[in-house]
Amino acid sequence: DAGVIQSPRHEVTEMGQEVTLRCKPISGHNSLFWYRQTMMRGLELLIYFNNNVPIDDSGMPEDRFSAKMPNASFSTLKIQPSEPRDSAVYFCASSFGELGGNTIYFGEGSWLTVV
Amino acid sequence: DAKTTQPTSMDCAEGRAANLPCNHSTISGNEYVYWYRQIHSQGPQYIIHGLKNNETNEMASLIITEDRKSSTLILPHATLRDTAVYYCIVKSGANNLFFGTGTRLTVIP
């Protein structure tokens, strides 16, 4: 079975440019999560969706970040304008169900470098 | 969600069992214990989870104490490919996983 699919895997962009990261969750999953990982802060949740609706976006750093989930099989995380401090690995993850025992599966990440 | 405490790092000889401890003394009745690992440059990989009973799968065993305040992840025969950061997480509901700093396991040849 295909896991969580993210694109691009690697992106290098100049400060001020718009960056769009994409995610395809596992088919049938109804929750989707965007995480960011840096050396300083570790893995932290940015936003999560349930049934395509944003439930908790308290981790989104600032207005430059936005996330959408137009349908159950696709989500985007956009940074506009990008800054060097946004350089990180961005992980998308998905799960099915509402209970504590539902397992969250991660993609391989998008490595973003802003120069 | 309850906090967890793990040792910063551990070594294990190749072929031996790796026992990774985790304390979660404030865990509540509806919180599950999850273990993930992250191998360098890869996404976090699900290993195993449990609520009250011990669990075993093809990757590992999870031993949860009767009072549920601590648990141990056991990799029965560690290989070099098991070198990774291992995260113990307690979770309730469909929400987020709160990742701490984990245990950096190094398997030594």
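The values are calculated or read from the model by the stated rules, or taken from the named source; none is laboratory data. Owing to the predicted nature of the structure, the values given are computational and were not obtained by experimental measurement. In this analysis, Cβ positions are derived from the backbone assuming ideal geometry, glycine residues included, and neighbour counts consider all displayed protein chains.
Structure values in brief
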read-out	value
Failed condition for A:Asn102, given (1) modelled with pLDDT under 90; (2) more than 20 Å from A:Ile5 (Cα to Cα)	(2)
Condition broken by B:Ser41, with the remaining ones in (1) in contact with a Leu (Cβ under 9 Å, 6 or more places away or on another chain); (2) surrounded by fewer than 20 Cβ atoms within 10 Å (Cβ to Cβ); (3) among the small types (Gly, Ala, Ser); (4) closer than 24 Å to A:Ile5 by Cα satisfied	(1)
Residue ranges of strands (runs of 3 or more DSSP E) in segment B:3-109 with at least 3 members touching a residue at least 60 places away in the same chain (Cβ under 8 Å)	B:9-13, B:18-23, B:32-38, B:84-91, B:103-108
